[in-house]
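Working notes, structure below.
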Amino acid sequence: MGEEQFCAKKRLRGMPPVRLIVVSFAVVILIGAVLLTLPIASRSGLPTGFIDSLFTATSATCVTGLVVFDTWTHWNLLGQIIILLLIQVGGLGVITFTTGFSILVRRKIGLRDLQLATENTSGDTINIKHLIRIILFFTFFCEMTGAVLLTFRFVPQFGAKGIWIAAFTAISAYCNAGFDILGFLMKDGNLIPYVGDPLVSLTVGGLIVIGGLGFVVISDIYNAKLLPRIHKKKPTHLHFHSALVLIMTTILIVSGTVLFLACEYDNTLAGMDFGTKLNASLFQSISARTAGFCTVDIAKEHDFTKIITVVLMFIGASPAGTGGGIKTTTFIVLLATVVSVMRGNEETTLFKRRIDQSTVYRALSILSVAATVVITTAGIILTADPDVTGIDALFEATSGFGTVGLTAGVTSTLSWISKLTVTLTMFIGRVGPVSLGLALTLHKGHRCAGTILPEGKIIVG
């Protein structure tokens, strides 16, 4: 037995970091699914089917927000706590969470632990300890601040229960999860009753944006802008990646707000004053990129609005953040590549910077795999659930891959085949298509140094 344990430990240590991260997410999901099947997790006191529990656990761990049951009416307090823990662990990343607390309790961190944390946060191995400290402290600070702000609305409205609702909503928002426990207010729950409430919508929207920026960007803003001011020194420039993320995030939020306002002005926004319409449009633009909260009825939106939302969901948040999608930086690299090719340039350039070819290849790979996953998922939904329209199937598939959680009201009606397909899609979207591919294909081997392959000439375009 001792020898078997030693061999298992040795195999675990020999596992590539990217594969271990993917496996860790899968293990957390399975544990969560088993716990959610227990009768003590549901309000009815009856066990929940494994497929539905697996779907919910995956949606929570992958911070998506798609649900087959209303979180408040189906799950009791224990079930909600399990879901919230899955959201927190999934939002931070399993490796980040465990490595971070090891650092906080001063446990010695080995080189392999640092490699895992670096892979999980897209950080620098040299500064990974500093980065994880910032991630943990900043995460809990933001969630606590958001919860306190939301108690000013929920506690007067719901009493002591409002404290739990505020904490749940704040954590779900920062982790870009989109889960809510407001189902007792109306059938579909979510934040529709607060469409005209800036305190709720702006607090939740702010948490979504901050969580979706990415931990590397947050660390850079702190080190380059905030820390120097604290020490009364001159702030330094942000890294190119951070500046690019902030620019793209702003562009996407503003353009999404304008488009949503224009398309839904006399539809889902009808009957509201202009300030409420603008507030709702801003919130939907923010939420559409990864969060899954909504202040309007998605099912009643125009098809063109749904297409715009699909595009925003597909792009998603930024690298090393709590959101999904192909990421903002992937999108801008692809755009820059197209522009460079159209101008006859052999290299991709962006803001007078040359983008490495390996980055371009990775972006193209992500786009190709992501599009394949979304189209395949939509196709399976249309085949297994013929009552679902094409746009709603595409919407559901993109929402799953982008770990967004917005739905046109079809999630709870899906067949078990579609549920399992969307479950896998959410998992791929959270760990990343390239990371999953590497985890499945990496093997130990030695490439012959100096080997040069013959060139294969292909005519394209």
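On full extension of the chain, what length is gained from Asn267 through Thr250, given 0.36 nm per residue of separation minus the C-alpha to C-alpha distance?
Values: separation 17, 0.36 × 17 = 6.12 nm, distance 2.56 nm.
Difference between extended and current length: 3.6 nm.
Check Thr348: other-chain or 5+ apart residues with amide H under 5 Å from its amide H, H built from backbone geometry?
Excluding prolines and chain starts, which carry no amide H, the hits are Ile355.
Test of the criteria: in segment 349-383, which trypsin sites (Lys or Arg not before Pro) are in a DSSP loop and have at most 11 other Cβ atoms within 10 angstrom of their Cβ? All intermediate terms of the calculation are to be shown ahead of the outcome.
On the way: sites: Lys352, Arg353, Arg354, Arg362; in loops: Lys352.
Passing sites in segment 349-383 are Lys352.
Can you pull the one-decimal nm distance between simple spin-label points at Glu346 and Ile81, each 7 Å off the Cα toward Cβ?
Distance between label points: 6.4 nm.
Compute the distance in nm between two label points, each set 7 Å from the Cα along the Cα-to-Cβ direction, one at Val258 and one at Lys300.
Taking the two extended label points, one gets 2.7 nm.
Send over a whole-number figure in Å² for the accessible area per residue of segment 230-287, probe 1.4 Å. Provide the component values of the computation, followed by the final result.
Values: 3150 Å² over 58 residues.
I get 54 Å² per residue for segment 230-287.
If you keep only loop residues by DSSP, which trypsin sites (Lys or Arg not before Pro) in segment 218-292 have at most 10 other Cβ atoms within 10 Å of their Cβ? Show your work: numbers first, answer last.
Working: sites: Lys225, Arg229, Lys232, Lys233, Lys277, Arg289; in loops: Lys232, Lys233, Arg289.
Taking segment 218-292 and a limit of 10 other Cβ atoms within 10 Å, the loop trypsin sites (Lys or Arg not before Pro) found are Lys232, Lys233.
Would you mind checking Lys306/Lys327; Lys225/Lys277; Lys234/Lys277; Lys327/Lys352 for any pair whose Cα atoms are more than 30 angstrom apart?
Details: Lys306/Lys327 19 Å; Lys225/Lys277 34 Å; Lys234/Lys277 40 Å; Lys327/Lys352 21 Å.
Flagged as over cut-off: Lys225/Lys277; Lys234/Lys277.
Please give, to one decimal in nm, the separation of the simple spin-label points placed at Ala224 and Thr376, each 7 Å out from Cα toward the Cβ.
Going by the 7 Å Cα→Cβ label model, 3.8 nm.
How large is the accessible surface per residue of segment 319-414, computed with a 1.4 Å probe and reported in Å² as a whole number? Please report the intermediate quantities before stating the final value.
On the way: 4440 Å² over 96 residues.
Accessible area per residue, segment 319-414: 46 Å².
Explain nothing, just compute: Karplus ³J(HN,Hα) = 6.51 cos²θ - 1.76 cosθ + 1.60, θ = phi - 60°, for every residue of segment 281-289 in order, whole Hz, x for Gly and Pro.
5, 4, 5, 5, 5, 5, 5, 5, 7
On a C-alpha basis, how far is the centre of segment 129-200 from the centre of segment 23-53 in Å? Whole number, if you could?
23 Å
On the protein heavy atoms, probe 1.4 angstrom, tell me the percent of accessible surface of segment 285-438 carried by carbon and sulfur. The partial results should precede the final answer.
On the way: 3970 of 6190 Å².
C and S fraction of accessible area: 64 percent.
Give me, ordered by chain and number, the residues 5 or more places off Gly323 or on other chains with an amide H under 5 Å from its own placed amide H.
Result for Gly323 returns Ser318.
Per residue of segment 384-398, in order, report the coupling 6.51 cos²θ - 1.76 cosθ + 1.60 (Karplus, θ = phi - 60°) as ³J(HN,Hα) in whole Hz, putting x for Gly and Pro.
For segment 384-398, the Karplus curve yields 7, 10, x, 6, 7, 6, x, 5, 6, 5, 5, 4, 5, 5, 5 Hz.
Hey, with R₀ at 22 Å, roughly what FRET efficiency would Phe140 and Ala26 work out to, going by the Cβ-Cβ distance, to 0.05?
On the way: r = 26 Å, r/R0 = 1.17.
Once the sixth-power term is evaluated, E becomes 0.30.
Enumerate the calculated ³J(HN,Hα) couplings along segment 168-174 in order (Karplus 6.51 cos²θ - 1.76 cosθ + 1.60, θ = phi - 60°), each rounded to whole Hz, writing x wherever the residue is Gly or Pro.
Running phi through 6.51 cos²θ - 1.76 cosθ + 1.60 with θ = phi - 60° gives 4, 5, 5, 5, 4, 5, 4 Hz.
Taking all protein chains in place and a 1.4 Å probe, what share, in percent, of the accessible surface of segment 142-202 do carbon and sulfur account for? Don't skip to the answer; put the middle values down first.
Working: 1630 of 2300 Å².
Carbon and sulfur together cover 71 percent of it.
Do any GluC sites (Glu not before Pro) in segment 321-406 lie in a DSSP loop with no more than 11 other beta carbon atoms within 10 Å, and if so, which?
On the way: sites: Glu346, Glu347, Glu396; in loops: Glu346, Glu347.
Here the GluC sites (Glu not before Pro) that fit, given the DSSP loop and packing criteria, are Glu346, Glu347.
The values are calculated or read from the model by the stated rules, or taken from the named source; none is laboratory data. Worth saying up front: this structure is predicted, and the values here are computed from it rather than measured. Note: ideal-geometry Cβ built from the backbone for every residue, glycine included; neighbour counts use all protein chains shown. Ligands, DNA and RNA are excluded from the accessible area calculation, which covers all protein heavy atoms including side chains. Shrake-Rupley method; radii C 1.70, N 1.55, O 1.52, S 1.80 Å.
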